[in-house]
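Enquirer: Dumping the structure here so I can ask a few things about it.
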Amino acid sequence: MLVKKYQDVPEEKVETEGAKGAWIRWLVSDKEKAPCFAMRQFRLEKGGYTPLHTHDWEHEMYVLEGEGVAVSQDGEKPLSPGVFMFIAPGEKHQFKNLGEGELHFLCMIPLPGRCSSGPKEEAGKENCQKKSSSC
């Protein structure tokens, strides 16, 4: 069993084009020998956002702190602590921090080649993590 504090995991700047003030921590991934899913924590600075993008895999998300919006082809949905989301494979999405403080959320995704809707293993772990770090 793995039990840690999120602060013990290094935070990395999201360098994906179209992102601003976005940070990620890979809390659980294949490094911890997770068999199927990765759990990531995102932090968006005040005024920060992820790029508007799509993936071939699903996301399950949970807002921990802050205020913002989830953007999709259906418009904007408000985000606040306790809100959860399911983003289907192929659904265009973006997250924006509209609050006065930071926006923190968890994002779970399938690991490459481990689940039918996950990133393909042929893409390589490094490529998958780079693509999926934008959330």
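Enquirer: Which ranges mark the strands (runs of 3 or more DSSP E) fully within the stretch 16-86 that have 3 or more residues being of a type outside the set (D, E, K, R), under 18 Å from E100 (Cβ atoms) and free of Cβ contacts under 8 Å to residues at least 60 places away in the same chain? Spell out the reasoning first.
Expert: Details: elements: 20-28, 37-49, 59-65, 68-72, 75-79.
By residue number, 37-49.
Enquirer: Is it the case that some residue within the stretch 35-54 is modelled with pLDDT of 95 or more, farther than 25 Å from K4 by Cα and of a type in the set (D, E, K, R)?
Expert: There is at least one residue in the stretch 35-54 that is modelled with pLDDT of 95 or more, farther than 25 Å from K4 by Cα and of a type in the set (D, E, K, R).
Enquirer: Also: List the number of the failed condition for G118; all other conditions in (1) crowded, with 21+ Cβ neighbours inside 10 Å; (2) at pLDDT below 95; (3) over 15 Å from S29 (Cα atoms); (4) of a type outside the set (A, V, I, L, M) hold.
Expert: (3)
Enquirer: Check whether at least one residue in the stretch 22-31 is touching a Ser or Thr at 6+ places or on another chain (Cβ under 8 Å) and either on the phi < 0 side of the Ramachandran plot or at pLDDT 95 or above (or both), and report yes or no.
Expert: So in the stretch 22-31, the residues touching a Ser or Thr at 6+ places or on another chain (Cβ under 8 Å) come out as 22, 24.
Within this subset, residues satisfying the condition of being either on the phi < 0 side of the Ramachandran plot or at pLDDT 95 or above (or both) are 22, 24.
Within the stretch 22-31 (the criterion being touching a Ser or Thr at 6+ places or on another chain (Cβ under 8 Å) and either on the phi < 0 side of the Ramachandran plot or at pLDDT 95 or above (or both)), the answer is yes, since at least one residue qualifies.
Enquirer: Given F84, F37, which one is more than 13 Å from H104 (Cα to Cα) and among the aromatic types (F, W, Y)?
Expert: Numbers: F84 fails: more than 13 Å from H104 (Cα to Cα).
Being more than 13 Å from H104 (Cα to Cα) and among the aromatic types (F, W, Y) holds for just one of F84, F37, which is F37.
The values are calculated or read from the model by the stated rules, or taken from the named source; none is laboratory data. From a predicted model like this one, the values you see are computed outputs, not experimental measurements. Quick reminder, even Gly has a Cβ in these numbers, built from the backbone with ideal geometry, and neighbours come from all protein chains shown.
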